[in-house]
Amino acid sequence: MRSARQGLLQGLHFAMLIFAVVSSRGQTLAPVPQQDSDLVSNRLIVVFRQHALPENFGGRLASDHTQLVLSVPQWGIAVVQTNTGDADADSAHTAALQGKLQADSTVAYVVHDRRIHASQMLKMRPVLADSDKLPSAPDWFYTSSPQAWAVKEVGGYGAGVAGAPAKGPWNISMGQGVRIAILDTGISSAHPDTSPNLVYASSLVDQNALPSPCDDGSPEDQDGHGTWTASLAAAALGPKTGMAVGVAPRASLLNIKVLERLPASGSATLTALCEQGSAGGLMSWIIAGMAAASQQHADIISISAGALLDSSSGEAEGTISAFNRAAYNATQAGALVIAAAGNDGESLDSNRFLEMPAQAEDVLAVIASTNPQCAQNENAGATCVAGSVSLAYYSNYGTTIQAVAAPGGSYPEGLPNGSGVSGFVRGACSTGLPGTQNGLPSTHGLSFGCFGFGHTAYVEAIGTSASAPLVAGVAALIKGANPSFSPAQIAAVLRSTARVLPAPGGVALNVVNAAAALQ
C-alpha cells in the first residue's frame with residue numbers, strides 16, 4: 001500500500017498557477033475600492049467605547065428582530081444581524097437599528113459588515129506536467145530546483161540543508177516554539193508540507209451570513225489560497241514531508257479559516273462557477289479570527305486578504321476604527337499582525353484609498369518584491385534574465401505605511417513545463433477534503449481543492465498574498481531566537497535590518513533579511 005504522502009505526491013497532477021491583477025501585462029492599474037455591493041445590508045459591526053460589551057446587550061436586541069451573531073466581548077466588538085424574513089425589510093430595519101445604536105452613548109462606531117477578498121485573480125494560466133514525472137523526494141523543490149527562491153531570498157537557509165548556503169539564519173533559529181496563525185481559506189490537514197506543523201484548526205465561516213455552494217465551511221482548505229500562504233511561512237522540513245520548505249520550517253501553524261471559496265458570477269454550471277470562483281469572507285470574520293489567534297497564543301498573525309477603502313465614504317472611519325481596535329488588542333496579547341498591502345498598483349500615500357487591515361495601527365504592512373534571478377519584465381514572451389530586485393508591478397506601495405517588502409513574484413513566468421528559473425512563487429496547494437475527488441461539496445465524496453485545478457498539490461503564483469507569509473516566517477525566526485521579544489521589537493528588527501533598495505517615486509523598498517536580523 002502506498003503511504004498517504006506517496007498517494008498525494010505521485011497520484012495527483014502537478015500544476016502551476018498564475019494569478020495576476022490585470023487583464024494584460026503592462027496595463028496601468030487603477031484603484032478599485034470596495035463598492036456598496038460589498039456591504040452586508042442586514043449585518044452591523046458595533047464598536048463600543050469600552051473594551052467590553054454592555055450587560056445583556058444580546059438580550060436587548062431580541063425584540064428588534066435582530067440577533068447577536070458574533071462577539072469579542074473582551075475587545076468591545078459585537079456583530080448583529082437582522083432577520084425578518086424579507087430582504088427589503090431587513091435592510092430598512094438594519095438602517096433604523098444603526099441610527100439607534102449610533103445614538104447610544106456607549107457606542108463608538110456602527111458600520112455595516114463587508115465582504116473581504118483574498119486577491120484579485122483576473123488572469124490565470126495552468127501549466128500541467130505528467131504526474132509520473134513529479135519528483136517525490138522530500139524538500140525537492142528546495143534542495144534540487146530554483147523554485148524555492150522566495151524562501152531563500154528572505155533568509156530561509158542554513159543548518160546544513162542542501163540547496164542553499166549551509167550556514168545561515170537556520171543555524172540560529174528555524175522558528176521552533178513559535179506559533180503562526182494563518183487567517184485565510186483554511187490549511188490542508190492532509191498535505192505533507194503543512195500537516196506536520198499544524199497544531200490547531202478552526203473555522204469562523206458562517207454560511208448563514210455568506211452562503212457558498214463551493215465550500216462546506218469546515219477548517220479544511222477548499223480554495224488553495226490558505227495552504228499556499230501557510231506553506232510559504234512554515235512548510236515542514238525533513239523526512240516524510242512534501243517538496244516545499246517554508247521560511248520557518250519548525251514553527252507551529254494555527255489554521256483559522258476566515259475565507260471560503262465563493263462562486264463566480266455567470267450562467268455556467270454551478271460546478272464551473274465554483275471552479276472559476278475566488279476566496280472571500282467577511283470583515284467580521286477576520287476581526288474574530290484575530291481574537292481567536294490571540295486566544296490560541298499566536299506569536300504571529302498573517303493575513304493575505306483585505307479591502308481597499310475610499311476614505312471619503314461614510315463608513316470608512318468606523319471600519320478603520322474596528323480594525324485598529326482588533327490589531328491593538330491582538331498586539332497587546334503578544335501577536336505581531338502582518339498583512340498584505342494589496343495588489344492594486346496604487347500609492348497609498350494620498351490617504352484617499354486605504355488598504356485594510358494592512359494600514360490599521362499596529363499592523364505591519366507588506367509589499368511585493370521580485371526575483372533577482374528573473375528580473376521583472378512584463379513583455380510577452382520575455383525570458384528570465386538575472387537583474388535587480390524591484391517593486392512588483394501590481395503591488396501597492398507608499399512611504400506613510402512603513403511597509404517592509406518580500407517576494408510576491410512577477411513576470412517572466414519561466415519555462416512552460418515549470419522547470420528552471422521563474423519569476424513566480426511556488427508553494428503547496430490544497431487537495432480538498434481528505435478522501436474526496438473534485439466537485440461540489442454538497443455531493444458526498446466531492447470537494448474543491450486548488451483554485452481551478454482540481455486536487456493539485458502545488459502551484460506557482462504572484463501577489464502580495466505571498467509576501468505577507470514570507471515576512472511572517474522571518475518574524476518567526478526572530479521570535480524563535482529571541483523568545484522575550486515583543487511584537488513591536490520584532491517589527492523594529494524587521495524594518496531596521498531590511499535591505500533598502502530603490503523603488504518608484506523615490507520610495508524605498510525595504511526587503512526583509514533574516515540573515516541580518518539574526519546576526
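Please treat every number below as a calculation from the coordinates, not as lab data. Nothing here was measured: the structure is a model prediction, and the numbers come from that model. Backbone-built Cβ (ideal geometry, glycine too); neighbour counts: all protein chains shown.
Please figure out what share of the DSSP beta bridges in the chain is antiparallel and state it in percent, rounded to the nearest 5.
Expressed as a percentage, antiparallel bridges in the chain total about 55.
Which order do the peptides 295-302, 271-278, 227-234, 435-442 come out in when sorted by mean C-beta neighbours inside 10 angstrom, highest first?
Answer by packing, highest mean first, reads 227-234, 295-302, 271-278, 435-442.
Which entry in (1) 47; (2) 44; (3) 34 is this structure's computed percent of Cα pairs over 33 Å apart?
(3)
Do you know the relative contact order of the chain, to the nearest whole percent, from alpha carbon pairs under 8 angstrom that are 6+ apart?
Contact order relative to length: 19 percent.
Given the convex hull of the Cα atoms of the stretch 416-519, what is a quarter of its surface area in nm²?
Mean orientational projected area (the stretch 416-519, Cα hull): 10.7 nm².
If amide H atoms are built 1.01 Å from N in the plane of the peptide, which residues on other chains or at least 5 residues away come under 5 Å of the amide H of SER369?
Close amide H contacts, sequence-distant or interchain: ALA392, ALA406, GLY408, GLY409.
³J(HN,Hα) across the stretch 327-333 via Karplus (A = 6.51, B = -1.76, C = 1.60, θ = phi - 60°), whole Hz, x for Gly/Pro?
Once rounded to whole Hz, the list reads 5, 4, 5, 5, 5, 4, 7.
Calculate the length of the line joining the C-alpha centroid of the stretch 285-330 to that of the stretch 49-78, in whole Å.
18 Å
For GLY306, which sequence-distant residues (separation of 5 or more, or a different chain) have an amide H within less than 5 Å of its own amide H, given hydrogens modelled in the peptide plane?
For GLY306, the qualifying residues are HIS117.
Provide the per-residue ³J(HN,Hα) series for the stretch 424-439, in order, calculated from phi with Karplus coefficients 6.51, -1.76, 1.60 and θ = phi - 60°, each as a whole number of Hz, with x at glycine and proline positions.
Along the stretch 424-439, the couplings run 8, 9, 9, x, 6, 9, 7, 9, x, 4, x, x, 10, 10, 6, x Hz.
Lys pairs in the chain, Cα-Cα under 23 Å, at least 8 apart or on separate chains: how many?
Pairs that pass both the separation and distance tests number 5.
Ordered by packing density, taken as the mean number of other Cβ atoms within 10 Å over each peptide's residues, highest first, how do 262-268, 69-75, 357-363 rank?
Order by mean packing, descending: 357-363, 69-75, 262-268.
Rounded, prolate or oblate for the stretch 229-302? Axes are the square roots of the Cα gyration tensor eigenvalues, ordered a ≥ b ≥ c, and the cut-off for rounded is a/c under 1.5.
Oblate, because a/c is 1.5 or more while a/b does not exceed b/c.
Can you tell me the dipole magnitude for the chain around its Cα centre, using point charges on the Cβ only (Lys, Arg +1; Asp, Glu -1), in Debye to the nearest 20?
1440 debye
Shape verdict for the stretch 450-499, please, from the Cα gyration tensor: rounded (a/c under 1.5), prolate (a/b greater than b/c) or oblate.
prolate
Report, in debye and to the nearest 20, how large the dipole of the stretch 226-326 comes out about its Cα centre when Lys and Arg carry +1 and Asp and Glu carry -1 on their Cβ.
460 debye
Roughly how tilted is helix 464-481, in degrees to the nearest 10 and between 0 and 90, from the longest Cα axis of the chain?
Helix 464-481 and the main axis of the chain meet at about 80 degrees.
Shape of the stretch 39-114 from its Cα gyration tensor (a ≥ b ≥ c, root eigenvalues): rounded if a/c is under 1.5, otherwise prolate when a/b > b/c, or oblate?
Note, shape of the stretch 39-114 comes out prolate.
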